[in-house]
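Note sheet for the following structure.
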Amino acid sequence: MRPRNGSIRVPPMHASSRTVPTALAAALVVVLAAGCTTASGGARASDKPAATAGTSSAAAPAPESRPSTPPPPSTALDPASVPSAGATPRPPGGARTQPAELGIPSIGVADLRVVPYEGTTDDWPGTRIQDRGVAASPYGERGGVGPGEVGNYLVTAHRLSAGGPLRDLTSLGVGDPVLLTSGGKIYEYRITEHRTTSFRSARSLAEQRAAVPGFPGRTATQAMITISTCATPEDNAAGNFWRDDRNNPEHRIDRVGVLTDVRDAAG
């Protein structure tokens, strides 16, 4: 109805009519909050895999410990592609327990005594041998073979301490000769690849100690050698100061070779 002055009277707004804008504002806050969660890295429901029958909601097992800093890339060449110069490997037998002398002409190593022991690379017995300034060569279930035998002949020695007999191993290049004298024979290997081993990776250690270096589980058909020393300067330069209970750094520098010649030792 019109008032006497002819103006139109607007009826007062009831309380219920004011609740609509308030509800809309609350909904807008919720939408904006959801958008912040997604933008800050929160998972959307559509990003999660749908549950399927037979699956468990239990947490997955923790992955294997990985190196804290990535090691330099290894040149994992298949040793089967490396031709042998007609060398006849040594028959399996007592060579595993025989000492040898190591010579690496290109880096000035001569007559380095290699002491065999039952164990695995860089364990406590091997570390104590290396602490005497000589090289250690593990054999047995977790070790390698003897000089000139089919499989992986493992040799480890210090780079910085105990006189640092392998201080220049990083300079040993592909094609360089390595000479092992044992049992009246000289076994000549040629370096075929460079590898890096991590003490914090079970897979990496298995590759170093495999009968065919780099290929755990593969059957060996050639006589091979792995010469290993610490990567302490490289790890320190990368800010990786991890050490095990024997003060070994995380990474090892490995040089792998294949037997190419066998000849009688002079004298």
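The values are calculated or read from the model by the stated rules, or taken from the named source; none is laboratory data. Predicted model only: the values in this text are computed from it and were never measured. Cβ atoms come from the backbone with ideal geometry, glycine included; neighbour counts cover every protein chain shown.
Checking each residue of the range 158-178 against the condition of being in contact with a Lys or Arg (Cβ under 7 Å, 6 or more places away or on another chain), assigned to a helix (DSSP H, G or I) and at pLDDT 95 or above gives at least one match. Only a single item in (1) part of a helix (DSSP H, G or I); (2) surrounded by fewer than 18 Cβ atoms within 10 Å (Cβ to Cβ); (3) touching a residue at least 40 places away in the same chain (Cβ under 8 Å); (4) of a type outside the set (Phe, Trp, Tyr) is not met by Ala206, and it is number (3). Report, by residue number, each residue of the range 216-238 that is touching a strand residue (DSSP E or B) at 6+ places or on another chain (Cβ under 6 Å), farther than 16 Å from Arg190 by Cα and not in a strand (DSSP E or B). Result: Ala220, Ala231, Thr232, Asp235. Each residue in the range 211-249 was checked for being crowded, with 24+ Cβ neighbours inside 10 Å and either touching a Phe, Trp or Tyr at 6+ places or on another chain (Cβ under 8 Å) or of a type in the set (D, E, K, R) (or both), and 4 pass.
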